[in-house]
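Undergrad: Please see the structure below; I have some questions.
Taken together, the values in this text are just the output of simple stated rules run on the coordinates, not laboratory data. As the structure is a computational prediction, the values presented were derived from the model and not from experiment. Heads up, the Cβs are rebuilt from the backbone with ideal geometry, glycines too, and the neighbour counts pull from every protein chain shown.
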Amino acid sequence: MADNFRHRQYIIQGVFLLLAIALIIPCFRLQLTEGTFQEKARSTAVGKITIYPARGLVTDRHHKLLVNNKAMYDLMVTYKEVKDIDTLKFCNLLGISVEEFEERLNKDFDRDFRFSRSKPFAFMKKIPIEMYARFQESMYEFPGFFAQLRNVRNYPYRVGAHVLGYLREVNRQEISVENSPYQRGDYIGVQGLEYAYEEELRGKKGAKYVLKNNLGRIEGAYKNGERDIPAESGMTLVTGMDGELQAYGEKLMRNKRGSVVAIEPKTGDILAMLSTPTYDPNLLTINKNRGHTWKYLVTDTLKPLFDRSIRAEYPPGSIFKTVMSLISMQEGIWSANRGFGCGGGYNYGGSRKLACHGHIYPSSVKVALQHSCNSYYCEMFRKNVDRYGYKNPYEGLDTLVSKLTKFGLGKKLNVDLYDEKKGNIPDAAYYNRIYSKEKGSWRSPTIISVSIGQGEVQMTTLQMANLAAIIANKGYYYQPHLAKYFVGEDRVKRVNQYPKHTVGVEEKYFQPVIDGMELAVLAGTAPRAKIKDIEVCGKTGTSENSGTDHSVFFAFAPKDDPKIAIAVFVENAGFGGTYAAPIASLMIEKYLKGDIDRDDPLTIAKEKRILDTDLLGAD
């Protein structure tokens, strides 16, 4: 009996032993030989630190930095890992109070999507290097905290705010987009080139894997850094701008409201593009004063955030006469040597429609442009609109408009900036809506102010500068642009080829207009645009306004080999030759000579007058 019991006991023990072995073997295999479980076990002691790339730089055409990066640190924290730290010492190192420490650490984890107890979040952003150096020596005493190198933008020239743009923290919508490269706390370009070329400038984030002990302190690299992914810096954007010219233009336009655009005619490269009043772009870098600065800029009645170079739509005034001349000669409506009596204004039907200032008889297109005769261009405009008969101005106006649009008027030029406006070139349908739904309520005399760039005609300063480039090129333009190409660590990336546009006017018709613009500077309406040893071709405009008129001028130089085309619009500054023309001439000389002639007393006096003028004093 006892032997039988002992025999059964051995059998049962053997069965249990076999079952135990059957369980131990797969567990041994899973835990010690299967990579999945090994990795899972290790992950509990492995932390991932995001490595942020340096954002791409922005340079001018001479490779001088317009935007660079300034190294700073974000102090990150994982709430669950914060244990037994010396709070007072921590606060002293960072220069904050205990109350501020508690506020920064304790978030509304249950309701605020931006924060998690188990994931790192920013405890303090943009710590200067000096402060970080002091704190870093004691970092090991503060489990749960670690630093991430970040870069903030820096603007060496302190100019070009509207062109360059700025950064801000991404919002929830930008994070939630499918395959979004952004996560909480990332920065994104806003406005300007930062926005237009965000993809190229932002770079790609990397990752560093570290081993942590049970207190959350970093013990070293995981697998000697084998799994680390290096960050890929953003590409450097090389623009066609001239940083010195941009800075000089903003200096001349200080205490004035308006805009300036300068273009290299043969390429379409934008050399300078400014809007005033403006602001120092360094003010909107990510820092503790940013919120206060933003509020000030938004509420400022001078609207420094508004980019007048592409968003303000202005009546161009008499610079419009140049394009009217070109189209009229091309269409056979007017000849280069045709004269027309002025008599102090344009008369029609026994009443004066538009006044004109005293000048010699406008015997040709070039003389009419030299003295900017209003009567001459009123008659020219009417010949265009009435080409199919006085009672049928609709077809004539629409034919004229179709020619004007080829010059980039009334449509966007598609510059590489956000929110460019298209201006306005009114057609027959436009006037039918204004005057009546029925035809016959308006005729060419009704809209005669269009002939001199007034009335409903509107252009951006960019369009004005581009028109000057077209005349300089004698019939074509390249799409105006800021970006030339990108340079990476091992590659050069060209931006899209900018298209060439022809305007449908033969080259021979440009010479009378160019000669007239030269005469306007030498002995006409724009004597303040003269430059010693440089042949400047320009045209003034006075844009009528309910208050003080606006000062307008566009030009190119040198005459025979144009290297710069420029448009200047100064609001509420009076006649075009008073302020816009001298500003343009100073910028042309600066660009072509490297500086203005400091030995010429007339040039120095011209510059001093512009710099000393404050047209905002009454605001």
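Undergrad: Can you match log10 I(q)/I(0) by the Debye sum over Cα atoms at q = 0.06, 0.08, 0.11 Å⁻¹ to one of these, (1) -0.36, -0.64, -1.15; (2) -0.46, -0.69, -1.03; (3) -0.44, -0.75, -1.16, based on a calculation from the structure here?
TA: Computing log10 I(q)/I(0) by the Debye sum over Cα atoms at q = 0.06, 0.08, 0.11 Å⁻¹ and matching it to (1) -0.36, -0.64, -1.15; (2) -0.46, -0.69, -1.03; (3) -0.44, -0.75, -1.16 gives (2).
Undergrad: Right, next: Once phi is turned into θ = phi - 60°, what whole-Hz ³J(HN,Hα) does the Karplus curve with 6.51, -1.76 and 1.60 give for every residue of the range 458-465, x standing for Gly and Pro?
TA: My calculation for the range 458-465 gives 9, 9, 8, 4, 4, 5, 5, 5 Hz in order.
Undergrad: Given R₀ = 30 Å, what would the calculated FRET efficiency be for V177 paired with H62, taking r from the Cβ atoms and rounding to 0.05?
TA: 0.20
Undergrad: Which whole-number percentage describes the relative contact order of the range 216-283, with Cα contacts under 8 Å and a sequence gap of 6 or more?
TA: It comes to 28 percent, rounded to a whole number.
Undergrad: Per q in 0.22 Å⁻¹, report the Debye log10 I(q)/I(0) for the range 453-562, using one uniform scatterer on each alpha carbon and no solvent.
TA: The calculated log intensity ratios at q = 0.22 Å⁻¹ are -1.24.
Undergrad: Applying 1/(1 + (r/R0)^6) with R0 = 60 Å to the Cβ-Cβ distance of S138 and K266, what FRET efficiency is obtained, to the nearest 0.05?
TA: The computed FRET efficiency comes out at 0.50.
Undergrad: What ranking do Y195, Y388 get, fewest neighbouring Cβ atoms within 10 angstrom at the top?
TA: Taking fewest neighbouring Cβ atoms as first place, the list is Y388, Y195.
Undergrad: Return, ordered by residue number, the residues of the range 146-164 whose backbone nitrogen is under 15 Å from a label point located 7 Å along Cα→Cβ of D419.
TA: Correct set: 161-164.
Undergrad: For helix 580-593, report the angle its Cα long axis makes with the longest principal axis of the Cα atoms of the chain; keep it between 0 and 90° and round to the nearest 10°.
TA: Result, in degrees: 60.
Undergrad: For N347, what residues show an amide H to amide H distance below 5 Å, using hydrogens built from the backbone and excluding near sequence neighbours?
TA: K353
Undergrad: What list do you get for R158, R111 if you sort them by fewest beta carbons within 10 Å?
TA: In increasing order of surrounding Cβ atoms, one gets R111, R158.
Undergrad: Can you give me the distance in nm between label points at N347 and K83, each placed 7 Å from the Cα along the Cα-to-Cβ direction?
TA: 10.1 nm
Undergrad: Moving on to the next point. Applying the Karplus parametrisation 6.51 cos²θ - 1.76 cosθ + 1.60 with θ = phi - 60° to the phi angles of the range 169-175, what ³J(HN,Hα) value in whole Hz is obtained for each residue in order, glycine and proline being reported as x?
TA: In residue order, the calculated couplings are 6, 5, 9, 4, 5, 5, 6 Hz.
Undergrad: Please work out whether the range 123-174 counts as rounded, prolate or oblate from its C-alpha gyration tensor, where a ≥ b ≥ c are the square roots of the eigenvalues and a/c under 1.5 means rounded, while otherwise a/b larger than b/c means prolate and anything else oblate?
TA: oblate
Undergrad: Now a separate question. State which entries of K119/K493; K266/K406; K204/K422; K251/K530; K205/K303; K64/K251 exceed 27 angstrom in Cα-Cα distance in the structure shown.
TA: K119/K493; K204/K422; K205/K303
Undergrad: Would you mind computing, in nm to one decimal, how far apart the modelled labels at T293 and A355 are, each placed 7 Å from Cα along Cα→Cβ?
TA: Between T293 and A355, the label points sit 4.8 nm apart.
Undergrad: How do V457, V365 line up, fewest other C-beta atoms within 10 Å first?
TA: V457, V365
Undergrad: Still on this structure, please answer the following. Can you list the residues, at least 5 places off or on another chain, whose amide H is less than 5 Å from the amide H of M124, using H built in the peptide plane?
TA: Result for M124 returns L75.
Undergrad: Another question about this same structure. To the nearest whole percent, what portion of all C-alpha pairs in the range 367-485 is separated by more than 16 angstrom?
TA: Result for the distance tail: 66 percent.
Undergrad: In addition: Based on DSSP H runs of at least 4 residues, each adding -39500 (n - 2.57), what is the mean residue ellipticity at 222 nm of the chain after dividing by all its residues, to the nearest 500 deg cm²/dmol?
TA: Rounded to the nearest 500, the figure is -9500 deg cm²/dmol.
Undergrad: I've got another one for you. Can you compute 3J(HN,Hα) from phi for each residue in the range 537-548, using the Karplus curve 6.51 cos²θ - 1.76 cosθ + 1.60 with θ = phi - 60°, rounded to whole Hz and x for Gly and Pro?
TA: Here the 3J(HN,Hα) series is 10, x, 8, 7, x, 10, 8, 5, 8, 5, x, 6 Hz.
Undergrad: For the residue pair N496 and I129, what label-to-label distance in nm results when each label sits 7 Å from Cα along the Cα-to-beta-carbon direction?
TA: Each label point is offset 7 Å from its Cα along the Cβ direction, giving 4.0 nm.
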